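Report on the structure given below.
The values are calculated or read from the model by the stated rules, or taken from the named source; none is laboratory data. What you see is a predicted model, and the numbers here were worked out from it, not measured in a lab. Here the Cβ positions follow ideal geometry from the backbone for every residue, glycine too, while neighbour counts run over all protein chains shown. The protein model used for the area step is the full one, side chains on, heavy atoms only, and it has no ligands, DNA or RNA in it. Shrake-Rupley method; radii C 1.70, N 1.55, O 1.52, S 1.80 Å.
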Amino acid sequence: MLVSVAEKMDGVIARPVARTRTFFGEPIGLAYLAFTEAWERFSYYGMTALLVLYLTQWLLLPGHVEHVAGFTAFRGAIESVFGTMSTLALASQIFGLYTGSVYLTPILGGFLADRFIGRRRAVLLGAVLMSAGQIAMAFDVSFLIALTLLVVGCGFLKGNISVQVGALYAPDDSAGRTRGFSIFSMGINVGATVGPLLCGLIAQVYGWHAGFGLGGTLMLLGLATYMAGYRTLTETTPAANRAQPHAKLDAKQWRVIGALVAVMALTIFQSIAYYQNSNIALVWISAHVDLNLLGWRVPVPWFNSIDSFISIVSVPMLITLWKWQAGRGGEPKEIGKIATGAVIASIANLLLVAGCVTFTRVPVIFPILYDVLLGVAFLYYWPTLLALVSRAAPPALKATMMGLAFVSLSLSNTTIGRLGGLYEHMSPAAFWAMHAVIAATGAILAMLLARPLGRVLDRHG
């Protein structure tokens, strides 16, 4: 009897796969997931590095904005909520709404994967939609259509691929899972480093639309990579998940869910301070920073590669540090690491304050060091949060809870867009001081709540 390829692939679901560690000492499936995410992040961060500059220097200007399908109604809807906006404020709000929506839809994508279509099919669908969205960005007329495709596609891909990383490890292998997510994050940051560099260069030489088109091409490579590793990944079938009645979660599991939501809320403060580097920071750098470095002018979009590059090179050092601390009983627990990341993000923003009050034209070393510190801060909080959710969330709700973790980024990015509208009404020093205070608030709250939240998650997770 002939068996279709799809049936063979589906048959893998119920078949255990040997946990042979062959990729940096980790399961082979991690290689495919990390490289898929690297290509996806290449396209995403390449696009976001161009977005605000593209809006303020091209698309929202007279002679261009009239060509965008549906934009008059779209702008009317936004201004009916937030009031009349300048070009910069509107660009910042579009950035915030787009990036906020990108991180909101994973909770729906996680739910649909858990209950109906499975995580592997969800990731495949997401990759296809995101490829189409990136290609649509190459044309002014389809700008809003492109954003819609990217938002929906990301909803299916983001949370589900993260859950698949955690599923490569045994439930009690917390240390291995943290290593796996750190390596996975290295893939994220490889894409996030190369994306702004190449898309920024192509956009500068051949135009904005060519830069966006490159992102679409690389997203197709991500789709091909995932399909190549499809059979190395296993998952609980949607039918098995539906057989675990969510309504009968016991009190301990609800406490774990509540504690996880609280930890996610704590990371919002740091995310606001961190992700503003892709929005108003680029506008500020373009206007107030002396971009000459050793006789060479640094392209503005390239600054979005610095923090990601630092996150890559810092992974081995931080893993070594944490292992050394663990061997001496002093490794910080998950919430302690998140608090540390928030402190570092606050210091990064204070560095910009110092540059603003000291110089008329801020030396380029200040935003470089700002992004260096943000790269280290990222590793302390985001991979840690994903590993915590993967470890502690109730089994039948892991993908949904991972999607909920991305909701924290949605709230952060939506807030970033709104805060960006204040930039024209504040001094740059005050603007960055505000972000330093926001990050410091998150650090203080994490320190205060680390022990009670940790007790719930360590006891029941």
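With a 1.4 Å probe and all protein chains kept in place, how much accessible area does ASP172 have, in Å² rounded to the nearest 10?
130 Å²
Determine the relative contact order of region 345-461: mean sequence separation of Cα pairs under 8 Å and six or more apart, normalised by residue count, in whole percent.
43 percent
Once neighbouring chains are kept in place and the probe is 1.4 Å, which whole percent of the accessible area of the chain is contributed by carbon and sulfur? Numbers along the way, then the final one.
Working: 12550 of 18120 Å².
On the chain, the fraction of accessible area on carbon and sulfur atoms equals 69 percent.
May I ask for the angle, rounded to the nearest 10°, between helix 71-82 and the longest principal axis of the chain, with both axes built from Cα atoms and the value confined to 0 to 90°?
Here the helix axis deviates by roughly 90 degrees.
Hey, could you grab the Kirkwood Rh for region 334-461? Inverse mean 1/r over distinct alpha carbon pairs, Å, one decimal.
Over region 334-461, the inverse of the mean reciprocal pair distance is 16.2 Å.
With charges only on Cβ, +1 for K and R and -1 for D and E, what is the dipole size of the chain about its Cα centre, in debye, rounded to 20?
1360 debye
Taking only C-alpha pairs under 8 Å that are 6+ residues apart, what is the relative contact order of the chain in percent? Before the final figure, lay out each step's value.
Details: 783 pairs, mean separation 121.4, N = 461.
The normalised contact order for the chain reaches 26 percent.
Could you give the C-alpha radius of gyration of region 401-461 expressed as a fraction of 2.2 N^0.38 Å, taking N as the number of residues it contains?
Working it through for region 401-461, the quotient is 1.51.
For Cα pairs less than 8 Å apart in space and 6+ apart in sequence, what is the mean separation divided by the residue count of region 68-181, i.e. the relative contact order in percent?
Details: 120 pairs, mean separation 34.7, N = 114.
Answer for region 68-181 is 30 percent.
What number, rounded to the nearest 500 deg cm²/dmol, is the helix-based mean residue ellipticity at 222 nm of the chain, given -39500 (n - 2.57) per DSSP H run of at least four residues and division by all its residues?
Result for the chain: -25500 deg cm²/dmol, rounded to the nearest 500.
Of ALA69, SER92, ILE310, which is farthest on the positive side of the dipole of the chain, counting Cα position, with +1 on Lys and Arg Cβ, -1 on Asp and Glu Cβ, and the Cα centre as origin?
Result: ILE310, furthest along the dipole toward the positive end.
Once you order the gyration tensor axes a ≥ b ≥ c over the Cα atoms, which shape class does region 98-139 get: rounded for a/c under 1.5, otherwise prolate or oblate by comparing a/b with b/c?
oblate
In what sequence, largest accessible area first, do TRP208, TRP324 appear using a 1.4 Å probe?
TRP324, TRP208
When the solvent-accessible surface of protein heavy atoms is calculated with a 1.4 angstrom probe, in what order do HIS67, HIS435, HIS209 fall, highest first? Before the final figure, lay out the partial values.
Working: HIS67 110, HIS435 0, HIS209 55 Å².
Ranking HIS67, HIS435, HIS209 by accessible area, largest first, yields HIS67, HIS209, HIS435.
Cα to Cα, under 27 Å, and not fewer than 8 places away if on the same chain: which lysines meet these conditions relative to LYS333?
LYS158, LYS252, LYS323, LYS398
Can you give me the Kirkwood hydrodynamic radius for the chain, using every pair of distinct Cα atoms, in Å to one decimal?
22.5 Å
For ILE347, what accessible surface area do you get with a 1.4 Å probe? Give it in Å², rounded to 10.
Here the accessible area works out near 90 Å².
Search the structure for amide H atoms under 5 Å from the amide H of ASP290, placed 1.01 Å from N in the peptide plane, and list their residues when 5 or more places away or on another chain.
VAL362, VAL364
From Cα coordinates alone, what are the radius of gyration and Dmax values for region 114-179 in angstrom?
15.4, 51
List the trypsin sites (Lys or Arg not before Pro) in region 246-331 that DSSP assigns to loop (not H, G, I, E or B) and whose Cβ has at most 14 other Cβ atoms within 10 Å. Which are they?
Passing sites in region 246-331 are ARG328.
Specify the angular offset, from 0 to 90 degrees and rounded to the nearest 10, of the alpha carbon long axis of helix 87-104 from the longest principal axis of the alpha carbons in the chain.
0 degrees
Enter the accessible area per residue of the chain (Å², integer; probe 1.4 Å; all protein chains in place). Before the final figure, lay out each step's value.
Working: 18120 Å² over 461 residues.
Per residue, the chain has 39 Å² of solvent-accessible surface.
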